[in-house]
């Protein structure tokens, strides 16, 4: 059978119920959607986490050719029997009235103790669209990594964040050996490996 020429567009929401309203909000959806073969498919029930939008930024020092990285505890990784203290880049939820760029600058100071100069968007993507609404706006930001070290985070939010630097070669090694296992950090490192020369030209380095 040949592939269809068009993508389905119709979705019918039959019921929506909030089943969890804590740190994560979870909605139970009853719906039907149009199928590639034509017509509406059967009624399905899915739970979806209402996470909102977030911004993440790879903090890069082009003079030292290193990135400011962070490490913190992640309960999801712990439950999945993964190493729960994860190597990551700075990120935060976009609050109402905030821009993604403002979140990057705020979180860079809160989580890593550095200020961002030039800030360039890399891409937007969904993390786990099968079960979550979260969209990430991913950026690269120019920083001076000379003072990047120590422990940071907002104590009232239970944050306990270790800050350190890694060279581009060290990041590539971490990627190739599986030391990085969260999607946002993987995408950011891969982007830098592919675009470092062009980024240096744009930033006049």
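Restricted to the range 169-188, and to residues that are more than 21 Å from residue 113 (Cβ to Cβ) and in contact with a strand residue (DSSP E or B) (Cβ under 8 Å, 6 or more places away or on another chain), which residue is surrounded by the most Cβ atoms within 10 Å (Cβ to Cβ)?
Residues of the range 169-188 more than 21 Å from residue 113 (Cβ to Cβ): 169, 172-183, 186-187.
From what's left, in contact with a strand residue (DSSP E or B) (Cβ under 8 Å, 6 or more places away or on another chain): 174, 179-182, 187.
On the way: 174: 18, 179: 14, 180: 22, 181: 15, 182: 17, 187: 18.
Here the answer is 180.
Please go through the range 64-81 and give me each residue that is in a loop (DSSP other than H, G, I, E, B) and surrounded by 13 or more Cβ atoms within 10 Å (Cβ to Cβ), ordered by number. Walk me through how you get there before you give the answer.
Within the range 64-81, the subset in a loop (DSSP other than H, G, I, E, B) is 64-65, 74, 80-81.
Listed by number, the residues that qualify are 64, 65, 74.
Could you tell me whether any residue of the range 20-43 is loosely packed, with under 10 Cβ neighbours inside 10 Å and under 27 Å from the mean Cα position of the chain (by Cα)?
There is at least one residue in the range 20-43 that is loosely packed, with under 10 Cβ neighbours inside 10 Å and under 27 Å from the mean Cα position of the chain (by Cα).
Within the group 116, 89, which residue is buried (at least 17 other Cβ atoms within 10 Å of the Cβ) and under 14 Å from residue 185 (Cβ atoms)? Even if it seems obvious, please write down each step before you answer.
Values: 116 fails: under 14 Å from residue 185 (Cβ atoms).
Every option except 89 fails the conditions.
Read-outs throughout are calculated quantities, based only on the coordinates presented, and are distinct from any laboratory measurement. Every value quoted in this text rests on a predicted model; they were computed, and no experiment measured them. Every residue, glycine among them, receives a Cβ derived from its backbone with ideal geometry; neighbour counts consider all protein chains shown.
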